[in-house]
Structures are given as C-alpha cells and as structure tokens.
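Enquirer: Following this message is one structure expressed as structure tokens.
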Amino acid sequence: MSTHDATNASPHSYAAAPATAHAGAATDDIIREHTFDGIEEYDKRLPNWWLATFYGAIAFWIGYWFYVEQAQIALSPEAAIELELSRIEAAKLAANSANLDDATLWQMSRNAVFVNAGRETFNSVCASCHLQSLKGVDEGGIGHNLVDDEWAHGGNPTDILAVINNGVLAKGMPAWGPVIGAKKTSEVIAYILSHHTEPAHEES
C-alpha cells in the first residue's frame with residue numbers, strides 16, 4: 001500500500017479490531033436461566049473478600065455461642081449488665097462504710113460485689129476459727145457457728161459490727177475492725193448476712 005493509500009484509509013478500519021475483541025470477551029459471561037421482573041443475572045463467583053467475611057461471621061458465631069452459652073466461660077450480656085449495676089451500687093454503699101446501720105448492712109448483703117469481697121477477707125482472716133463453712137465449733141472449729149440462728153452477742157447487723165470492731169477478748173477474739181478497716185469489715189458482715197434472711201419489718 002502506498003503512502004497516499006494509508007493516509008486516506010477510513011478510520012473505521014482501525015477501530016474494528018478492538019470492537020471485535022470486546023464482543024468476544026462479552027460472550028464469556030454466562031447468564032443465569034431464571035429472570036425476575038425482566039432482570040437477568042450473571043452467573044459469576046462471589047469475591048473472595050465477601051466469602052471470607054461471610055464464613056468468618058459464621059465461625060465467630062459458633063465460637064461465641066460455645067464460649068458464652070454452652071461452656072459459660074464468659075458472662076452473658078445480661079449477667080455482665082447485672083454485675084456492672086452491682087459494682088455501681090457497691091461504690092455508693094462503700095461511701096457509707098464509716099456510718100453503718102442495720103438497713104445498710106442488709107442491703108450490702110444482697111450485693112454480689114460486697115459478698116464476694118467479704119468472702120475473700122473472711123477466708124483469709126476469720127476462717128481459721130470459724131472455718132470456711134462458717135459453722136465453727138459445729139465442725140471442729142473454735143469460733144461460733146455464724147450460719148445458724150443463735151447469736152452469742154446479738155444477731156443484728158450492727159451487733160456483728162460491734163463484735164468485729166471491738167473483739168471479744170474473754171473468748172479470745174481480737175478486735176479485727178481496726179486491723180482490716182471499715183470497708184473490709186462491712187464486706188465481711190455482708191458475707192455473713194448473705195447466709196441469713198433479713199427479718200420482715202412490721203408495718204406500723
């Protein structure tokens with residue numbers, strides 16, 4: 001072909017090749033047989049990132065279900081909320097540790113945070129005489145049974161507070177209140193009272 005013929009050639013002759021290649025690529029896309037409201041779908045594989053997210057969510061759910069619901073290793077959402085509310089209440093009650101009355105001590109005995117803390121202190125300080133079962137002399141200990149309904153020095157919460165603060169030297173019990181402090185003293189009383197039922201108050 002001469003230079004003149006190449007210069008005057010139709011531009012459509014050069015554009016034909018790419019158009020043909022594109023048409024050939026389009027035929028590789030398979031259309032699904034079903035239609036919906038006139039809409040057709042390509043039959044293509046889902047992207048790897050989408051599949052990884054989907055199967056990862058399933059695996060996470062199975063692990064979470066086993067960890068929380070089946071094995072109960074972690075707290076359920078309801079239990080976690082209840083525990084957090086108990087901590088908030090415990091913080092408010094702790095502010096009154098230096099000025100306690102029977103009603104406040106009974107309220108502390110129904111708070112899981114106070115009771116659990118009191119158990120730890122009781123087991124480390126008081127269990128040597130009263131035993132971890134709190135049954136004392138009835139199971140071979142030397143201290144009084146703290147879970148029956150008989151009290152040697154009064155069974156009101158403030159009576160127990162006075163015994164812990166002042167001790168009973170005649171019976172060999174030292175004054176533990178100044179040693180462990182007001183907060184731990186109230187926690188120990190809460191733990192002891194958690195084994196008892198608060199007496200009903202008569203309405204006037």
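A short reminder: the numbers here are calculations on the coordinates, not readings from a lab. On a predicted model such as this, the values are computed, not experimentally measured, just so you know. Cβ: placed from backbone, ideal geometry, glycine included. Neighbour counts: every protein chain shown.
Enquirer: Give me the one-decimal nm value for the distance between modelled label points at ARG87 and LEU51, 7 Å along each residue's Cα-to-Cβ direction.
Expert: For the pair ARG87/LEU51, the computed spacing is 4.3 nm.
Enquirer: Averaging the inverse of every distinct alpha carbon separation and then flipping it gives the Kirkwood radius. What is it for segment 100-193, in angstrom units?
Expert: Working: mean 1/r = 0.0766 Å⁻¹.
With all distinct Cα pairs of segment 100-193 included, I get 13.0 Å.
Enquirer: For ASN145, enumerate residues with amide H under 5 Å from its amide H, sequence gap 5+ or separate chain, H modeled in the peptide plane.
Expert: Excluding prolines and chain starts, which carry no amide H, the hits are VAL137, ASP138.
Enquirer: Between TYR42 and TYR64, what FRET efficiency follows from the Cβ-Cβ distance if R0 is 30 Å, with the result rounded to 0.05? Could you put the intermediate results ahead of the total?
Expert: Working: r = 35 Å, r/R0 = 1.17.
Once rounded, the FRET efficiency stands at 0.30.
Enquirer: Within segment 47-204, count lysine pairs with alpha carbon atoms under 22 angstrom apart where the residues are 8 or more positions apart or belong to different chains.
Expert: Within segment 47-204, the lysine pair count is 4.
Enquirer: Let me ask something additional. What is the set of long-range amide H partners of MET173 at a cut-off below 5 Å, with H atoms built 1.01 Å from backbone N?
Expert: Long-range HN contacts for MET173: VAL168.
Enquirer: At a Förster radius of 35 Å, what calculated FRET efficiency corresponds to the Cβ-Cβ distance of ASN96 and GLU150, to the nearest 0.05?
Expert: 0.75
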